[in-house]
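For reference, the structure is listed below as structure tokens.
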Amino acid sequence: MGLLDFLTGNTTHQIQEYLQKNAVILDVRTDSEYQSNHIASALHIPLNELEYRVDEVKVLKKPVIAYCASGMRSGKAASFLKSNGIDAINGGGIGKLKAAL
């Protein structure tokens, strides 16, 4: 994975691998961003709440594909989830992830 993928999200191939593992799609954008446009099946936990709501993700016992607007917040979310024992990747921005789905 190159620097650009690291900064903006994983490749479509990696996203497809996680979808095959029945991954949860996690939207870490703000409430207003989520209300204006989101992936229908996504779990919504804003990044600033994730620290306090990580148990909601843990109980699912599934890998996670995090997304946001550009891939920066979802990168932080994926890193945080990994540090809490959750198999997670950065799905990038919503447009990129929708195209991969």
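The values are calculated or read from the model by the stated rules, or taken from the named source; none is laboratory data. Here the structure is a predicted model, which is why all the values come from computation and not from measurement. Reconstructed Cβ throughout: ideal geometry from the backbone, glycine too, with neighbour counts over all protein chains shown. Note: accessible area is taken over every heavy atom of the protein model, side chains too, but ligands, DNA and RNA are not part of it. Shrake-Rupley method; radii C 1.70, N 1.55, O 1.52, S 1.80 Å.
For region 26-98, applying the loop criterion from DSSP together with a ceiling of 16 other beta carbons within 10 Å to the trypsin sites (Lys or Arg not before Pro) yields K61. Here is how the number arises for the chain: DSSP H runs of 4 or more residues each give -39500 (n - 2.57), the sum is divided by the residue count, and the result at 222 nm is -14500 deg cm²/dmol. Within the accessible surface of the chain, defined with a 1.4 Å probe on protein heavy atoms only, the carbon and sulfur portion equals 54 percent.
Compared with the direct C-alpha span, the chain from L60 to L19 gains 13.3 nm at full extension, assuming 0.36 nm per residue.
Note that the chain shows a convex hull volume over its alpha carbon atoms of 87 Å³ per residue. Taking a straight line from the alpha carbon of K82, these lysines sit under 20 Å away, with near neighbours fewer than eight places off in the same chain left out: K21, K58, K61, K62.
What the chain shows is 54 Å² of accessible area per residue, with the surface traced by a 1.4 Å probe over protein heavy atoms.
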